[in-house]
């Protein structure tokens, strides 16, 4: 089933794109959540009229993401955790912990945008990727230190 995206959807496409998805996905998820419209002739004409606005919004979002990327790339965050023998953590540092730290610093990032292969379970320095916008990815230095 062809649908027109009304907003950016990760792994699917950007606002204004016409994509082909399964009927159930479109009818039960995308359309009810106002993320997409069915790609009828009338809806396609409607989106054609809004192409300029969409392009301006996309350009603005990319610029904002580049500004945030510059802030993040210059940062080094330090997270204190309880550690045991051989520098193993009792818990772990997750994307939620990193998002909370960034929130305190005044940078609001959705935790789902923080890319961790697996939670950090040891002390040390780690590089974490943050997908801010399609084609804009920042790299953040995270230092996990023992709690005093």
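The values are calculated or read from the model by the stated rules, or taken from the named source; none is laboratory data. Remember, it's a predicted structure, so these values are computed and weren't measured experimentally. Ideal geometry is used to build each Cβ from the backbone, glycine not excepted, and the neighbour counts take in all protein chains shown.
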Selection from the stretch 8-57 of residues part of a helix (DSSP H, G or I) and within 28 Å of residue 114 (Cα to Cα) yields 25, 26, 28, 29, 30, 54, 55, 56, 57
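Name the residue, out of 82, 45, 23, 52, that is loosely packed, with under 11 Cβ neighbours inside 10 Å, over 22 Å from the mean Cα position of the chain (by Cα) and in contact (Cβ under 8 Å) with a residue 40 or more places away in the chain.
Testing whether each residue is loosely packed, with under 11 Cβ neighbours inside 10 Å, over 22 Å from the mean Cα position of the chain (by Cα) and in contact (Cβ under 8 Å) with a residue 40 or more places away in the chain leaves just 82.
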Within the stretch 107-118, residues being buried (at least 18 other Cβ atoms within 10 Å of the Cβ) and out of contact with any strand residue (DSSP E or B) (no Cβ under 8 Å at 6 or more places or on another chain) number 0
| message | Residue under question is residue 98, and the condition is that it be outside the structural domain of residue 14 (by TED's automatic domain parsing), closer than 26 Å to residue 9 by Cβ and either modelled with pLDDT of 90 or more or assigned to a strand (DSSP E or B) (or both); does it hold? | response | yes
All-but-one check, residue 60 against (1) under 19 Å from the mean Cα position of the chain (by Cα); (2) assigned to a strand (DSSP E or B), failing number (2)
Looking across the stretch 96-106 at residues that are over 13 Å from residue 144 (Cα atoms) and under 17 Å from the mean Cα position of the chain (by Cα), the single one that is surrounded by the most Cβ atoms within 10 Å (Cβ to Cβ) is 102
